[in-house]
Every structure is written in structure tokens, then in C-alpha cells.
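Notes to accompany the following structure.
Values in this text are rule-based calculations from the coordinates and carry no lab data. All of these numbers come straight from a predicted model, not from anything done at the bench. As a convention, Cβ positions derive from the backbone with ideal geometry for all residues, glycine included, and neighbour counts pool all protein chains shown.
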Amino acid sequence: MVSAIAAKSATATIPIVFANGSDPIQYGLVASLNRPGGNVTGITFINSQLGPKRIQLLRLLNPKTAVIAVLVNPKNPNAADAKTFEAAGRSIGVEIVILNASTEAELKEAFDRAVEQRADALLVHVDALFNDNGEFQIVALAAQHRLPTMMASPSFPARGGLISYGADVRDLNRQAGVYIGRVLRGEKPADLPVVQPTNFALRINLKTAKALGLSIPESFLLLGDEVIE
């Protein structure tokens, strides 16, 4: 999102195709999803809008959950989604604790604070810092602190994380490539509707759950699109 906003600020004429998880209308990238207008269009993973759903899933994962920590990067515009997380928590009687991290060192400190706040689970909001190497670090910290953790990234459970929920990122990135091709052939971003996901997947790593001493309800496992054993 940060790079897309910077690109739009730099030019009003060069075509821009974005692929990110925040609301492109909220951050001024497009006028509307169906008719973007201007020189920008792209793909949204709607990660910000999925925040309340992820909070609900963490509660379903463990009905005794009373406190959920949410990790955000305060330098990312989507940190403003904290209000949405807090409202989602209140609606189901769960306390939401917002933790900030904008460096790898702060990431470790955030897990320490989650434990101090007696968090029953941790939700990692979407940010580049938490991807790739950051994701492996989160897997290790979650295991070290025995803290059930969720990310949007579909690779998280495969790498040893507990659970992920989100859109089919691979398919959406492919569609971003299609849009780039259409723009290069002369189509205008203003005429290309922003693509929204239609497929979402819940992935669960049972081996990690057992290591955490977490007994996952059968009803929750039935919701899973992929269960890693």
C-alpha cells in the first residue's frame, strides 16, 4: 500500500497497477472499485476488511479466548485498522490489545508484550516487515512463547505457523500480471475495475497445535480448507 500511494503521488499520467491488501478507496488510490478513474487500478486482497473475520476465527479456534493481541506496523497506513479490530473484539466479548512493531527487534519485543498482556492468541496484520524472513521469525517467536498465532499469508502454516486465513494470493497476483499486460497493450487503468477476491482459504497446522498444547474443536477443523498433519 505504501508503495502504491507513493507511486500515485509521483504521477497522474503514468499507468499504475497495484496489488495490496488495504482498501484502495479509503487511501485515495481509486474513486471506486468498478470505475477507478485516473491512472490507477489493480488488485485488492481486502485484508483490512477481513480483520473482523480473523478475530472471530481465533475465538472459534479456542472458545476460552479472552484476550487477542493484534500486531501492526505503525508506519503502515493500515495500522488505522486497529479500530476495526477493537470493534470486532467488543462484539464477541474479546479484549483486543494492539502491539506495534516496525523493526525486527521490535517484533521480538511485541511478542514479549503479548505475553505480559496475557494474550490468548496473536493476530499478525499485513505488512512487508512480517513477510518472508519476518514470517519465519514469527513462527519461531510463536513457538518460543507458546502463543497461538494467525497470519493472512497462506505459507504461514506450511512454515510451521498455526493458522492462516485469506484470499488466494497466487491467483490474485496472476490477475495483476494480466492487468499489466492489458495496460501495456493500450487499455486505460480508469476502465479496468479493481479485482476483488472470490476465494478464501482457512489453513491449519495440527502439528503446531499439538506442540502448543492446543486442542482444536472438530467443528473448527471442518471449516479448514487445508489441514496440515
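When the charge dipole of the chain is built from unit charges on Cβ atoms (+1 for Lys and Arg, -1 for Asp and Glu) and taken about the Cα centre, the candidate among L50, N78, G186 whose Cα reaches farthest toward its positive end is G186. Helical content alone sets the calculated 222 nm signal of the chain at -10500 deg cm²/dmol, taking -39,500 (n - 2.57) per DSSP H segment of four or more residues and averaging over every residue. With respect to the chain, whose longest principal axis is taken over its alpha-carbon atoms, helix 133-144 is tilted by about 20°.
Taking the alpha-carbon centroid of each part, what is the distance from the stretch 48-77 to the stretch 140-217 in angstrom? If you average the Cα positions of each part, the centres end up 15 Å apart. The GNM of the chain, with springs linking C-alpha atoms under 10 angstrom apart, assigns the highest mean-square fluctuation among V178, V115, V17 to V178. Axis of helix 169-184 versus longest Cα principal axis of the chain: the two differ by about 10°, to the nearest ten degrees.
Just round it to a whole percent: the fraction of Cα-Cα distances in the stretch 145-229 exceeding 19 Å. It would help to have the intermediate numbers written out before the result.
Working: 1764 of 3570 pairs.
That tail contains 49 percent of the Cα-Cα pairs.
If the chain linking T198 and N131 were pulled fully straight, counting 0.36 nm for each residue of separation and taking away their Cα-Cα distance, it would gain 21.8 nm. Arranged from fewest to most other beta-carbon atoms within 10 Å of their beta carbon, H145, H125 become H145, H125. Counted residue by residue at 0.36 nm each, then reduced by the alpha carbon distance between them, the extension gain from V227 to Q175 reaches 16.1 nm. Computed about its Cα centre, the charge dipole of the chain is approximately 260 debye, with only Lys, Arg, Asp and Glu carrying charge at their Cβ. The charge dipole of the stretch 83-166, taken about its Cα centre with unit charges on the Cβ atoms of Lys, Arg (+1), Asp and Glu (-1) only, comes to about 240 debye. Cross-link partners for K188 among the lysines, with Cα-Cα distance under 19 Å and sequence neighbours closer than 8 places in the same chain left out: K8.
Can you tell me which of L192, L122, L202 moves the most in a GNM of the chain? Springs connect C-alpha atoms under 10 Å apart. With Cα springs under 10 Å in the chain, the top fluctuation among L192, L122, L202 is at L192.
Mean sequence separation of contacting Cα pairs (under 8 Å, at least six apart), scaled by the length of the chain, corresponds to a relative contact order of 23 percent.
Would you kindly calculate the translational diffusion coefficient of the stretch 20-133, applying Stokes-Einstein with the Kirkwood radius from alpha carbon pairs, for 37 °C and a viscosity of 0.692 mPa s, and quote it in µm² s⁻¹ without decimals? If you can, show how the numbers build up before the last one.
On the way: Rh = 15.1 Å.
For these conditions, the coefficient is 218 µm²/s.
Of all the options N73, N62, N34, the one that moves most in a Gaussian network model of the chain with Cα springs shorter than 10 angstrom is N34. Placing +1 on the Cβ of every Lys and Arg and -1 on the Cβ of every Asp and Glu, with no other charges, gives the stretch 12-96 a dipole of roughly 180 debye about its Cα centre. Helix 51-61 axis versus longest C-alpha principal axis of the chain: approximately 20°, rounded to the nearest ten.
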